[in-house]
């Protein structure tokens with residue numbers, strides 16, 4: 001029996017990464033771990049409901065409620081988000097290596113832990129040719145742009161701590 005899971009599809013990961021890079025093209029760079037977390041939530045939008053949002057951040061909570069439905073699809077239930085996040089790391093890195101081989105991003109992203117968009121015209125050409133996101137993914141991308149970008153990466157209020165996808169206990173603030 002053959003079972004397809006889009007989380008373990010390198011080509012689909014490239015598709016998501018191109019859309020994520022296109023959404024941050026104005027800043028021209030992004031932290032590698034931040035991009036990986038964004039990709040996870042673009043892949044599993046309903047998992048954003050497990051993310052910690054503070055009481056005084058009602059606007060972010062409302063935005064999440066308006067844009068991202070709590071999916072009751074049994075095939076999208078994630079029993080161990082951190083393990084799945086760790087499992088898809090190789091697919092994410094492989095897709096980024098592919099994009100760097102085309103000259104879209106910097107070659108030393110693994111060493112520097114920063115993705116830098118090298119060629120915006122190539123990125124725009126790729127976006128025109130690869131297809132569109134689903135409405136659910138578009139909503140998640142809006143949520144990422146409106147909320148995640150406001151959070152630091154580390155610290156108590158950081159993305160690592162809020163999502164619990166990566167260890168944040170020993171990060172320097």
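Any read-out appearing in this document is the output of simple, stated calculations on the displayed coordinates, not a laboratory observation. Only a predicted model underlies this, so the values are computations on that prediction, with no experimental measurement involved. Here the Cβ is made from the backbone with ideal geometry for all residues, glycine too, and neighbour counts use every protein chain on show.
Of the two radii for the stretch 1-56, the radius of gyration is 1.06 times the Kirkwood radius, both from the alpha carbons; that is the Rg over Rh value. The alpha-carbon atoms of the chain define a convex hull whose volume equals 132 cubic angstrom per residue. Between residue 10 and residue 76, the modelled labels are 2.7 nm apart [label points 7 Å from Cα along Cα→Cβ]. Expressed as a whole percent, how much of the Cα-Cα distance distribution for the stretch 110-167 exceeds 15 Å? Of the Cα pairs, 70 percent sit more than 15 Å apart.
Is the stretch 21-96 rounded, prolate or oblate when judged by the Cα gyration tensor, a ≥ b ≥ c being the square roots of its eigenvalues, rounded requiring a/c under 1.5 and prolate requiring a/b larger than b/c?
Details: a/c = 2.01, a/b = 1.18, b/c = 1.71.
Oblate, because a/c is 1.5 or more while a/b does not exceed b/c.
Under the rule of -39500 (n - 2.57) per DSSP H run of 4 or more residues, summed and divided by the residues of the chain, what mean residue ellipticity at 222 nm is obtained, to the nearest 500 deg cm²/dmol?
Per the formula, -15000 deg cm²/dmol.
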